[in-house]
Every structure is written in structure tokens, then in C-alpha cells.
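Just so it is clear, none of the values below were taken in a lab; they were calculated from the coordinates. Computed from a prediction, not measured in an experiment: that's the story for all the values here. When we count neighbours, we look across all protein chains shown, and the Cβ atoms used for this are built from the backbone with ideal geometry, even at glycine.
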């Protein structure tokens, strides 16, 4: 728990009602997802990605705005670089000492994806954020969480839902002190070949942090999209051409492989046409796909009982262009997906001049890449070596991107009805379009109040949640039914934002804590006599109780034993008793320094009642005149008469009674009590 | 406010019968496991049937028949109809267990207690969960949540936590294993703190385990010795639980080049071995951290076996060259391949039979454990054989008659029925084979892609297949084949004539009948029991329970001796009520718990002086209950009324109405209270604190002496600490440090 408090805040962070959501990346942009949550003194980081368009330190999210060592929890939604790319750096190169979680599949793929990223990023070593060794050692710091499994870290409760998107992608529900926040990461509500649709949580979050990549776009139906794709591939190979599908190595590629493998097995006439998949990374990760089928949809899970759908029958792996015999129609899936360089670029350049060939762009392309350029169907293209080539092959675009579209997002929000929606992970324009569309949707609906936020990077959204605090009264304290005015005294136990109220004696019954007793024995040298000590003690405490010959008790709590020039004090430690003991100690010391033994020891444990009576009469005479009080009286009754009013005084319990005049009664009562107090020895009870 | 809690032990109490209990929390009845013993005890079922319609939920702990064996019968034949909860591996592997059990029984007798359809129907009812996933109960069980926690022992093995919010947390933990194994993590039982009720077994209470390494070595030596003397090793294991541990361990052993095992074969034999291994491969996330790490690091699936050959029948097994080690189900040897192999191999003194599990008393495996080998056993041998001669003719005649009859019927009926009839015949075929996929080839394709080139060990050379000889006669390769010398046949001459039948035994299409003969078998082979049960032993069990320190404890399943031993041990702890019901008994474990909820005002919370204690913060509170207008601060300010959840909202409102608010008591009304020191101090810990503050201290006769013997700290039982010393500055320093160790309220 972070003990550090900001100097300017009055309330301790733990009691504050302020929830801060601050994007350190992915605020009005796509890439380097990193969102900070701060609530009740807890700090949580969601994702820690890099910007694919930037390199070195520039690609990092704005982590210099936070203190890494204050973060309690770091959650990674899925294995894409823009969500986990900066993780090894953050775990190894900063002072972060919280805990980090991701799903099993994400962790297994993360290892290989980043290792590949390190290999292909061709920047100087000193600019590299981390090395293979850092990545390897970061693995030990990452813990895994299964979908729906509830974890509790420092009082932060969280669990994961399936998000669709890619294998192992998770949405996190985070609950702090009763306030629930749902972070979707990247998600898709459309079930596909191997992944299930993102689940809809059955609890309503108070805040929804959602992606907005596709803004207000609406995707084509899955069946249409698939049949368009397979028809296109079939068409290209039928006309004797070569079909190139540039793909990103992991994620959507597996979906395309499943579609092609199924299509091929349904069309025996195609069996002579080879399908190649050229990615060593994907080959490495296939084992992961074959293993974590439990994170996939029901269809795959049922099929696994019969055979593993990820053992492809019609698809061969291609190590590289050297192993490729280009002899006739074929289908090749090659990375990278945007044909910046590498195998997909090489194949494209050698095939683009033949009109029989075709290329199918299957994913999201960034401005400035070759994939984006050819979508506008230019006459010629520039090769890597600078040569110009005519573009004759067919170019098609079919998006298989598994991000939510407007329809899905809108439906998702309609079901969850979160009072606050925070948009992240989307380009500025797309995001504001989505915000406007959602606002329009709820503008005429008075029953739903929804606030939409689209914060820029480093700008925090501030929300206030007046957390209601309830306590459970348990055990002997709760035996009596509660009713207004009932008084409760007990111990309040606070654990992870939960309060319980218990009687002290029940503590060990309901918690693992136990009550203890501390007994103190203090010895001090004392050379004087016992009576002197007793005298001084009685001056301090009034009543000295003799237990044995040389043992006495004062204040009904401190035992004093005099034994062979040593005085020993013994008491059960409580703040009050400690104070008494100190007073007793002072008395002992004082007795020690009295060098002359006083000759007179009044053993005055009882007060002199006669003396009191005399004093009382004298006082009353002074107050009300000589005649107000009878000169002689017997027993414990006395009366005062002033102006014909008579007040009776009971000396035993010091009660004054005057039926005619209340004010008079008060005056006499005060006088009597005060006198008694000044004459009587001090009382301790 | 108090929940009624009762446990009815239907089976598995004061004896070794399978666990089956009904836990009642108020009106909600939960069936905890429903095991069935190896011989399908009918008395137990009769008892359970009486309560079947009262059950609201079933929780399953492990996938073996001992914990869920009765489920298909209950669902299929008794009409159990409620939600059943289990983890994903328990669901998957449980199904494998039941398929294998059914098939094993079916191979030797007419088995009619349940069908494969009952198995499917029962498992379709299972709601699959992950560890630590909390599931709220509905209806009568409103307010109850159940959570599965890792238990070790078998994949997906579960300790169930049943929580009634704020009042009760009940832990049902049987057969757990706290130790890490090769493929599983240990249980996380110790992490639970002071549950109100623990239900656990005393099966291992008096049992002492040798160390794991010693057991591994014993197994290794046994295997090596037997194989070297040209004998076969039969290891009896279960279908899909403990077998994973053994299979993984043996395959790793075989991979070790120095082990000298490469020359021999290793096989896994049960009816569903292919599926079990496939499922194991896809459940890595349920296994040990170590396996998961190696998978993440090296990507080879630990259950992608290199040496273990998967077999589904005796015929397939006979193709595996001898000498060999065979892992065969079932562990009790009452049925299945383990029994068949036992009958074949036991008469050869070179062979070895290793039993890994103590099954129910009376089973063959248990008899062997108790009596050892080398005693004559009277065994009933049952098997399914093909009909022959007159019997076959009779059968065929009847079939024909039936067919004719049905044809006659068909003719009477409308056309529309024909298609139905077709459907029927289709489904009957499906029934016979079921969806149990038994792959014929034992080699599983290891690549992920089709290999794009054919690979030849030498220069490609195609041998033309000759279909017929020079005279035009068709060549049948079978005619030219040497008669397969059966390795088993050499071992056991008696069995030569049985051989043929066994090969055909699992062919269901041909008409068959079941026969039964009783014969005396003299066990010559070496018989050894090596514990691979994967359960915590008695000593650890006691330690774990002591640490858990439940308020109430119910001991079930275990011999009377071990139960009583455990009972006596647990009674020594203070504050624990221990029960040990016998079979059929109902234990009332209700405690008086009072509880209600109050709302805390901001003024109250901000005025609290919280002191840090162990894991929690504490404060003394003097307050009084008042009624407040709740409309203002009932909910977080941002929350708005949901239309959809109106019903819920209303329910919530009603609850809120009952909630009183707690306000601080005015200062003048506060009466003083006895100060409480909270924490239990250990002198050794305090010594470290002293050291940190550079105050010298030393232990002598249980007393901690500080500051050159001027101050002494003693600790009495029941948390009483005595601080003793002469007046000095150090005294106050030590006292201050001592006070710091407590939360003082």
C-alpha cells in the first residue's frame, strides 16, 4: 500500500471519492495502449504497449508522468504489440514492484511475439528498449489468470471475460471498494471460426473503458465476407494465377487458415493447388493454438474431442522464398501484413506484373505502407530497389479485422448501461464521431444518463463516487436485534474495504487475530519503611487496599510488593493503568527521598464525619446567617431555613431537598457537595 | 439470522465407501460428490434415491468414478434434475472415466446400470467452471455462492468453498494433495483462514508415505529389473486422472538416454487413451507452474509423448514389441484391460504387476496389496465372446424373424414412417459405436502442417505393387505372411486358445454373448504396491487442518481406526467442534451466528483511529443506531435507476430499508472500555525487532532477556506476555517497542 500521501490533499487518498482515469497512451490515437486508474489510493495500469509507428523511447506511452513503484497492479489485455510491447521494459527497467497479470494464452504467445519483435526491429542496440534476456526474465514476473477466475490483489478485486479479438484476449472487470470498472481492451462481439464473441458481463460496471478503433463503421456480415473471400481465392487459382494474402503473423491469420483449410477439404478439385503459410513465428505459436482451445468457441471445443482443427490438412509451411518452387497456381499467406518488406513484399514484386495473379488485403492498413498504396489501384508501383513495375495483378480488400464496429459497440453499451463511458484506442476523428453518435442515441432517452469522455493522452477524467460504507455487526454484539437508539461499542475491523464490527471477546472467533494481555512488573530500589510508602500512596490514590502484610493494591489495578528493599509494581498494561503505575512510581521515589521519617502516620482511610459536620454548619451559617441552622443536631439529618423556606439535608448520601424553591435547593446542594469533595479523600472509582 | 447447516452422510463415513454427502444450508440441499464403488453397491443407491428430488445442486470434486461414478445412473435412471458444477477438466476427464468404465464392463458382461447416453445426458448438465470462479446460487439458495479451488490429486481436482455471505464459509475438501507434483500444483487449502466448517476425509489419517523420490526409485528399479529379465510390467492406473502423472513421468524417463529403457516399449492401454491424451494437451493451464513454464518457454506440449504408445485394445497392444511396460485401466482390476492382462501375465514369474492405488476393500487390486502375490486366487472370469455354430444360427434365425416381422409392420404403416425407421436404424448404429472416437492408428501426426514433400530414407524408389501373379491369380499378402508369434503366447501357454477371442472381443457388430467361468489363478508374477495416489498423508493432513483452524470439523471417509485417530487428535485443539458421523447419520453443525448490516456515516469513518493489525486495520467504535433518510446516500451519487432491473432494484430497496445507520455517540455518553491488545506476539519475532533497534537480547530457558539481563520477557500460554524489569530508561524503550507490536484499541 502506498504510504506516500500528496501534501496538498486533505483527505487521505484511501478515503477520497475521486476516480482518475488517465490514458498515458491510446488517448485519441491507436497504438501504445496504457491507461492509469487511480481510486482509493490504489493505482492500476491497464496494458503497456508501444506505438508501432515510432521506435525506441519515443514509442513508449507517457510513463514519465507516473511513479512506477506506486503501481499496485498491471493488467495486460492481449498479446498485440500495441498492448504489451513495452511490458518487458516496464517490468525490468523501472522500479515497478506491483503484480502483473495476463491470460495463459497471452503469456505463451507474448514470449514469442516480442522475441520476434526484438529480432526484426532494426534499430541500434543502445536504442533498444530491452533485450531477449530482459524478455526472458520478465516471464517470471508475469502471473496468469484464467477467464472468470477472481483474483484479489491488495483489496483490488478483478476478473477476466473473453474478448474475442485474438486468442487469449481479455476484458477486465476491476472492483475497488464496490465501484466496478470494465476495460474492454480490443474486443469483437462477432463469433468467428475459432474465437467466441466477447462475453457480456452479467454485472453492470460503473465505468466502461472501451476501444473505438472502427468508430461508426459497420462491418460486413461474416458469411458474406467469408464467401466473398473464398470465391475470390477460388477465382484466382482457377484462372491459373497465384494468390497472395499478406497477413500479420498471429491473430487473424489463424482464422484465414481455418477458412481455407475447410474450403479446400470441401473442394477436392482444389487439392492439387498448394496453400503455403510462410511465417516461422506462426509455426512456433501453433502449439499454443493447439493447446489453449478452452479459450476458443464451443465449436472448436467440441471438435477437439474428434480431431484438432489446428492440425491443418491442406496447408504447408514455407520456410522462406528459397524453399519455394514457383511453378503454378498456388495460395501463399505471408507476413508482414502491410507488405513493408520481407516475404510478402518479395512475392508481390515478382507476381504483380501478371494479370492472372491476385492479392487480397485482409486487415487494417496504416497510411504510407504499400498495402494502403495499392488499394487506390495505381498504374505502377515502386519496388524495394527503386525500380518501377506495372501493377497488373488484381487487388482486393476484405477486412477480417476483429474489432468491434458501431453496431456491436452500441449494443454492448445498451446492455451494460454504464453511467460513464471512456473512449480510448481510436483515431481522433473516429473517436469523436463515435462519441457524437452515442450521444445522439441517448439524447432523447431521459431514463438513461450517460456521460461520454474521450480524453487525450495524459489528460485525466475525474469521476466522483461516493462510496457507501456498510459494516456487518457480528457475534455477541448482534445478539440483540438492532433498533434506533441502540448503543454499540466494539472493535471495527477493516479489511480490503470491508468493515466488520465485533465485540472484543469475539475477535478470535471471527478473525485470525487474537487478544493478548501484557503484564508489567517493574522493580525499583526502596530503602525506606513500609508505613512511609503507604502514607504517600494514600496521598496519591486515597484508598490503599492491603492484600497481604507487604502487598497492597492501589487504584484497584496496581499491586505493590515490598520485598527486601525492592518495591515491585505489577499491573496489566492499558494506557490508564500505565498512568496509574507512573503515579505510584513517583510516590515510591518521593518516599525514598524523604530522609526524615515522619513521626505521625495518620491511618486515614475513613474521613472524619464529625469534622465534616462542623465545617458544614459553619459554612451554612456564613452563607445564610447565624440563625439559619439549628445549633445542635443529632444523627445525619440537618435542615436550613432561609426566608421561611426549609431545605432538608441528608448527610449520608448528601442529598438536599426543598420542595418550595428549586433554586435554593440547587445552591445548598452545590455547597454541600463542594464541601464534601474538598474534605473527603480522593476517589478513584 | 442463523443458517441451519446439516450434513447427511449417505456413503463414505466411518468406512472406505465412496464419498457422497448431502449438505443442507437452510433449505438448500447440495449433493457433495456421488461416487460409486467398483461393484456398484445397490444399497447405497436405494438410500440416495430417497433424497434425489430434494437435491438442488451437485458439486463434483474429481473426475474418477469414486467421486462421480453414480452420476449417469442418477441422471439417467433416477431422474436427478438440477445444476451440476465441476471444473472443465473434471467434466472432460470425468466423461472419459465413465466411457472407459462402461466399455470395460461391456466387454465382459451385459452391463445395464447405465448407458453411454446416460453418461452424455449427465455430463450435459454440468456447468463448467474455472478455479476461483464464484457462482451465485439461485432460488432457494439465494445468497449462497460456491467457488472451486485447486486441490491437486487429479487434474481439475477441486476443493469447494460454499459461502453464505458474512455468515458461513464451508469448505469441502477430500482427497486433496498439498504437495506439488510433476503435472499438478498442490492444493491451496492452507490459504483459507478460519472457515466456519470444514468437511474432510480421514482416509489417510494413519497412513505414512515414503518420500516421493524413494517411491519413484522403487518404480524405476522394478521396471528395469523386470524388463531386463525379459518380463512385462503391468501398471494398473485409472483412466484419466493419476495416469497423467505416471504417463508423463515414464515418458520423461524414456527420454533420458542414460536410463537404458530405450530398447523397451511403453504403452498406455484403455478404451479412450487417444482422447485422454488429447484433452490433457489442451488443459495445460490447469497444470503445474513448472509445466506451464516449460510450455511457454519451449512450446512442446508435455503431453506430446515421444515413447508412450496409445493402445485401445489387447490386439493393438500385442503389436507393441515385448518386453514392455503397460499402463492399463482400471486400477481395481475388477474389469478392464488391467484384469485381462493380469490373467495373461500373472502366471509368469518374470512379469511384474505394480498397483498404484488402494482401491475399495474386496477388489482384486486390494486383495493383492493385502495378501501379496504367490497365493492362489479364485477368480470369476467373464468375457464377451462371439456366437458360434448352433448358437449363431439360432441368433441369425431370430434376427431374420425379427426383420420379417418389422418389415411386415412397415408395410402396414404409412410411407411417412419409413423415414423415421431410417432414422431409427441410423441412431441405433450411432448408439452402437457412439461418439467415442477410437483412432485406428497409434501414431499421431506431430506436425502442424501437411508436409509438403514426401520424405524418403534413401533415393526415391517406387515399388510397383503386384496385384496378381503370372497366372492371373490374385495375390493375397495374408497368405504369405509368417504366423505372428504372439509374445504373450510364449508367456502363458494357457492363453493361446483365448487369444483369438480377445482380439475380436471389442467388435460389437458381430453377435456376441457373455460367458463366465470360475478358475483358480496362481499369481507367480511379482506384485508390488507403490503409492502414486497423490494424496496428502496423515501427518500433513493434521498440520494443514491445524493451520486452517476451522470452527467446526466433520470427518468423513476413512476406516474407523483412522477416523478415531484423527478425531482424538483434533479434539486437542481448542475452539474446534469435531464430528465424525457414521454412514447414514445426519450431523447438525448449525452455529448460532448473529449478524446484521449497518451503514457507516462519513463523520463516523473519518473520526476513526485505525490501527494496523495483521492484514487488517482496527479501531474501537462507540456508536448508536439511528434511522436515516436513505434516499440521499443510499447509492453512489452517479447511479441511476435501471428500468430493466426494476425487480432487483426493488428487492435491493427492501433490503436497504432494513439497514440502519451507525452514528458516532456524543462524547459525553461514551463510557470507557477495557483496552484490547490485538495480535499474538512471538518472542522470536520481537527479538528481531529489538535487534533492529540495537537493543541486545538473548534467549535463555524460554525467557527473552534484554539489556544485559535487566529486562525479561516471558510468554505464557493464551497470549499473555509478561514484561519484567527494573526501572530504567531501557524499560520504557522496550515497552514502547512491545506496544508497537500490538494494535491497541
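What to note about this one:
- Ranking of B:108, A:45 by neighbouring Cβ atoms within 10 Å, starting from the fewest: B:108, A:45.
- Taking segment B:500-621 and dividing mean pair separation by its residue count, relative contact order in percent (alpha carbons under 8 Å, at least six apart): 15 percent
- Of all beta bridges that DSSP places with both ends in chain A, some 60 percent have antiparallel geometry.
- Sorting A:356-362, A:135-141, A:507-513 by their mean Cβ neighbour count within 10 Å, with the most densely packed peptide first, gives A:356-362, A:507-513, A:135-141.
- Beta bridge orientation in the protein assembly as shown: antiparallel %, DSSP, nearest 5: 60 percent
- Spin-label proximity, residue B:229 to segment B:310-349 - amide N less than 13 Å from point 7 Å beyond Cα toward beta carbon: B:348-349
- Across peptide A:482-488, the mean count of Cβ atoms from other chains lying within 10 Å of each residue's own Cβ comes to 6.
- Seen against the Cα atoms of chain A and their longest principal axis, helix A:662-679 is set at about 90 degrees.
- Here the spin labels are modelled as points 7 Å beyond Cα on the Cα-Cβ line, and at residue A:512 and residue A:432 they lie 5.5 nm apart.
- Exposure proxy ranking, count of Cβ atoms within 10 Å, fewest first, for A:211, A:548, B:533: A:548, B:533, A:211
- Estimated purely from DSSP H runs of n ≥ 4, each contributing -39500 (n - 2.57), the mean residue ellipticity at 222 nm for chain A is -9000 deg cm²/dmol once divided by its residues.
- Highest mean first, the peptides A:226-239, A:97-110 sorted by other C-beta atoms within 10 Å per residue fall in the order A:97-110, A:226-239.
- As a proxy for reagent exposure, ranking A:559, A:186 by other Cβ atoms within 10 Å from fewest up yields A:559, A:186.
- Remark: mean inter-chain Cβ contacts per residue of B:664-676 equal 3, using a 10 Å Cβ-Cβ cutoff to other protein chain atoms.
- Chain A - percent relative contact order, Cα under 8 Å, separation 6 or more: 11 percent
- Principal-axis tilt of helix A:406-416 within chain A, Cα atoms, nearest 10 degrees: 20 degrees
- Solvent-free Debye scattering, log10 I(q)/I(0), computed from the Cα coordinates of segment A:609-679 at q = 0.17, 0.22, 0.23 Å⁻¹: -0.54, -0.95, -1.05
- Rounded to the nearest 10 degrees, the angle from helix A:104-120 to the longest Cα principal axis of chain A is 60 degrees.
- Theoretical FRET efficiency, 1/(1+(r/R0)^6), r = Cβ-Cβ of residue A:325 and residue A:395, R0 25 Å, to 0.05: 0.50
- Taking every residue in A:285-296 and counting other chain Cβ atoms within 10 Å of its Cβ, the average works out to 5.
- Cβ-Cβ distance of residue A:648 and residue B:692, R₀ of 60 Å, FRET efficiency by 1/(1 + (r/R0)^6): the value works out to about 0.30.
- A protection proxy built from the mean count of other Cβ atoms within 10 Å ranks the segments B:26-34, B:364-372, most packed first, as B:26-34, B:364-372.
- Distance (nanometres) between label positions extended 7 Å along Cα→Cβ at residue A:125 and residue B:603: 6.9 nm
- Percent RCO, i.e. relative contact order, over segment A:222-397, from Cα pairs under 8 Å lying at least 6 residues apart: 30 percent
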